[in-house]
């Protein structure tokens, strides 16, 4: 069993000294530290966090100064905790006094999980209410439907005759590849082409 510490601050200008001092104050035996100076908004953009998640083994304990050092969103926090749980790794947050190796800590994780589920359900409910309101008011919601411009037909004819490439057609119409092929398919169906 190893005590693995994750330390993070958001920018290069910030200092990690306070987090190191807290570990010393608590007299925690540290086996390995993963430290980085990067925003916590995105799990994928945090190489030391990902290296730590690869490194940990069953029986290890991941220690952080506070939950906000590990994750900035409930979703990311729950995802990371699920990874730790799956690997058989305990989690300790010194500031919030959470220790998942204890019954109380496991209970706190259950509460966090319920809060995350409530947050997701509330977001879905608000989205549905917004859609229903937009429909009731006759407003359009979602992405605007892609349409063909005035030059689409002439460019289509040149493309089918081999005078321009599909890439040139896309450039002329200022269309990304996925939208281009959807528009071509829809236009051909409307025109009666197969």
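A short reminder: the numbers here are calculations on the coordinates, not readings from a lab. Here the structure is a predicted model, which means the values were calculated and not measured. Reconstructed Cβ throughout: ideal geometry from the backbone, glycine too, with neighbour counts over all protein chains shown.
Please find, among 154, 178, the residue that is more than 29 Å from the chain's Cα centre (by Cα), loosely packed, with under 11 Cβ neighbours inside 10 Å and not in a loop (DSSP other than H, G, I, E, B).
154
What residue, of 135, 183, 118, 84, is out of contact with any helix residue (DSSP H, G or I) (no Cβ under 7 Å at 6 or more places or on another chain), more than 30 Å from residue 28 (Cβ to Cβ) and surrounded by 16 or more Cβ atoms within 10 Å (Cβ to Cβ)?
183
Would you pick out the residues in region 72-81 that are in a loop (DSSP other than H, G, I, E, B) and surrounded by 15 or more Cβ atoms within 10 Å (Cβ to Cβ)? Spell out the reasoning first.
Narrowing region 72-81 to residues in a loop (DSSP other than H, G, I, E, B): 72-73.
Of everything in region 72-81, just one residue is in a loop (DSSP other than H, G, I, E, B) and surrounded by 15 or more Cβ atoms within 10 Å (Cβ to Cβ), namely 72.
I'd like to verify a number: residues in region 157-175 that are part of a helix (DSSP H, G or I) and surrounded by fewer than 12 Cβ atoms within 10 Å (Cβ to Cβ), how many?
Counting residues in region 157-175 that are part of a helix (DSSP H, G or I) and surrounded by fewer than 12 Cβ atoms within 10 Å (Cβ to Cβ) gives 2.
Working only within region 24-42, note down all residues that are within 25 Å of residue 101 (Cα to Cα) and surrounded by fewer than 19 Cβ atoms within 10 Å (Cβ to Cβ).
Passing the criteria: 24, 25, 26, 27, 28, 29, 30, 31, 32, 33, 35.
Whether any residue in region 41-64 is within 22 Å of residue 108 (Cα to Cα), touching a residue at least 60 places away in the same chain (Cβ under 8 Å) and within 25 Å of the chain's Cα centre (by Cα) is what I want to check.
yes
Out of all the residues in region 86-114, which are under 19 Å from residue 69 (Cβ atoms) and in a helix (DSSP H, G or I)?
105, 108, 109, 112
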